[in-house]
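K.L.:
Have a look at this one.
Nothing in this text is a laboratory measurement; each read-out follows from the coordinates by a stated rule. Please read these numbers as outputs of a predicted model, since none were measured by experiment. Ideal geometry is used to build each Cβ from the backbone, glycine not excepted, and the neighbour counts take in all protein chains shown.
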Amino acid sequence: MSAFHWQQQGTDGAARAGTLHTAHGDVSTPTFMPVGTVGTVKAMTMDAVRSTGAGIVLGNTYHLMLRPGAERVAALGGLHRFMDWPGPILTDSGGFQVMSLGALRKLDADGVTFRSHIDGSKHRLTPESSTRIQHLLDATITMCFDECPALPAEDEVIAKSMRLSMAWAARSREAFVARQGYAQFGIVQGGTSTQLRAESVAALRGIGFEGYAIGGLAVGEGQALMFSTLEATVPLLPADRPRYLMGVGTPDDLVGGVQRGIDMFDCVMPTRAGRTARAYTAQGQMNLRNARFADDAAPLEQDCDCLACTRHSRAYLHHLFRAGEMLGPMLLTWHNIAYYQRLMRGLRSAIVEGRLDAHAAALRAGWQSGPPAPAPA
């Protein structure tokens, strides 16, 4: 087994194509990680996830520590066996989820005390315990524990939070058990301040991690500000390490992130959209609840090889949602994850072939075109 590392295969401007080598297999980048928060990508079997071409999925420390418990998962063979995913798994540290609890949590310099959203029971997370839980889960990629302030916030609040996160990053690193093919990523914080982001990067590089994530974006600041923050931050990161933009996002966000040098993404958007009848396609979004699809015999998307598109019509998908059948969310989630994976493969090919900007322009033109008129039965 080789050491965890990212190997570059091509560049186009700031964009990179490469391969992530891990203890649980290799992943082509840029890559989108389906979110499997509690050990499942909602509405999908892992065979279905595999069929989309996904190479890595995400789990969450906060949710899994509460239910079923990290020790239980470890006793049952680890998260890979537990959820039937032998490939790489990245685990979010739980910091974002804990911070979102509001009045249910209390922050101090050592960590966070909080009450479970499930049953109100009292728990505590620190950099050390978060890292230990991720170790018990057998996460391929462990995220350091960070603090995520609610935005908008004053510069002093963001600065204080970022510096606390950097102190926690050092403690997370000390608690991390290094193993061949495993990694821990530091998380860059600092809001949209280029100065604070630079300070955060310098602190993380001083500690030293196998990869670097950019957190605290896509939280309402707008796409233009997110992109300008990436343009100021990404060049400061080590060129030989993977770069992960956390919690992002729409297909257009992914394209813009790739153009600015990001290698890894995750977001609940495609799975959540699938459960609410929204499909992502090369012609933009479709709401399958709309009456215009009731008699539409065309497949959801002509060139998609997912089960929703190869076996069923838009009319059938519309019917499933109108009838409240669970198969509708399952099929549409499958399609959306397949679309995101196809989007990533297309971006990778365009980078290797040196045509990324033209490819990105064509993608955006397609999204603006809208779906064609309904096909008659």
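K.L.:
Which values of log₁₀ I(q)/I(0), to two decimal places, follow from the Debye formula for the stretch 11-72 at q = 0.16, 0.28 Å⁻¹ with a uniform point scatterer at every Cα?
P.N.:
After summing over all Cα pairs, the log10 values are -0.66, -1.15.
K.L.:
Additional query: To make sure I understand the rule: partners must be lysines, Cα under 25 Å from the Cα of Lys122, and not fewer than 8 residues away in the same chain. Which ones qualify?
P.N.:
Within the straight-line cut-off, Lys122 pairs with Lys106.
K.L.:
So how compact is the chain: Cα radius of gyration and Dmax in angstrom?
P.N.:
20.6, 64
K.L.:
Oh, and also: Between Gln285 and Asp357, what is the FRET efficiency for a Förster distance of 25 Å, r being their Cβ-Cβ separation, to the nearest 0.05?
P.N.:
About 0.60, to the nearest 0.05.
K.L.:
List the longest stretch of the chain that has no exposed loop site; here a site is one of the GluC sites (Glu not before Pro) assigned by DSSP to anything other than H, G, I, E or B, with at most 15 other Cβ within 10 Å.
P.N.:
Longest site-free region, per DSSP loop and neighbour criteria: 155-324.
K.L.:
Along the charge dipole of the chain, which of Met83, Gly216, Thr131 sits closest to the positive end, that is, farthest toward it, with unit charges on the beta carbon of Lys, Arg, Asp and Glu (+1, +1, -1, -1)?
P.N.:
Selected residue: Met83.
K.L.:
So for Tyr316, Tyr244, fewest C-beta neighbours within 10 Å to most, what's the order?
P.N.:
Ordered by Cβ neighbours within 10 Å, fewest first: Tyr316, Tyr244.
K.L.:
Under the Cβ-under-4.7 Å rule, which cysteines of the chain stay unpaired?
P.N.:
Cysteines lacking a close Cβ partner in the chain: Cys144, Cys148, Cys267, Cys306.
K.L.:
If exposed trypsin sites (Lys or Arg not before Pro) are those in a DSSP loop with at most 16 other Cβ within 10 Å, what is the longest stretch of the chain that has none?
P.N.:
Longest run free of exposed loop sites: 1-178.
K.L.:
How many percent of the alpha carbon pairs in the stretch 15-153 exceed a separation of 18 Å?
P.N.:
Tail of the P(r) past 18 Å holds 57 percent of the pairs.
K.L.:
If r is the Cβ-Cβ distance from Ala3 to Glu156 and R0 is 30 Å, what FRET efficiency results, to the nearest 0.05?
P.N.:
According to the calculation, E is roughly 0.15.
K.L.:
Find the centroid of the Cα atoms in the stretch 180-214 and in the stretch 23-78, then give the distance between the two in whole Å.
P.N.:
Going from one Cα centre to the other spans 23 Å.
K.L.:
What ranking of Met264, Met330 emerges when the number of other C-beta atoms within 10 Å of each C-beta is taken as an exposure proxy, fewest first?
P.N.:
The fewest-first ordering by Cβ neighbours comes to Met330, Met264.
K.L.:
Let me have the relative contact order for the chain, percent, based on Cα pairs under 8 Å that are six or more residues apart.
P.N.:
18
K.L.:
Would you mind checking the stretch 109-146 for residues with the amide N under 16 Å from a putative spin-label position 7 Å along Cα→C-beta of Ala178?
P.N.:
142
K.L.:
Can I ask one more? Across the stretch 48-54, in residue order, what do the Karplus-derived ³J(HN,Hα) couplings come to in whole Hz, using 6.51 cos²θ - 1.76 cosθ + 1.60 with θ = phi - 60° and x for Gly and Pro?
P.N.:
Karplus-based 3J(HN,Hα) across the stretch 48-54 equals 5, 4, 4, 5, 7, x, 4 Hz.
K.L.:
On the first, second and third principal axes, largest extent first, how far apart are the outermost C-alpha atoms of the stretch 98-184 in Å?
P.N.:
41, 34, 19
K.L.:
Using a Förster radius of 45 Å, what is the FRET efficiency between Ser228 and Ala75 based on their Cβ-Cβ separation? Nearest 0.05, please.
P.N.:
Plugging the Cβ-Cβ distance into 1/(1 + (r/R0)^6) gives 0.45.
K.L.:
Given the C-alpha atoms of the stretch 273-369, compute the convex hull and give its volume per residue in Å³.
P.N.:
Each residue corresponds to 84 Å³ of Cα convex hull volume.
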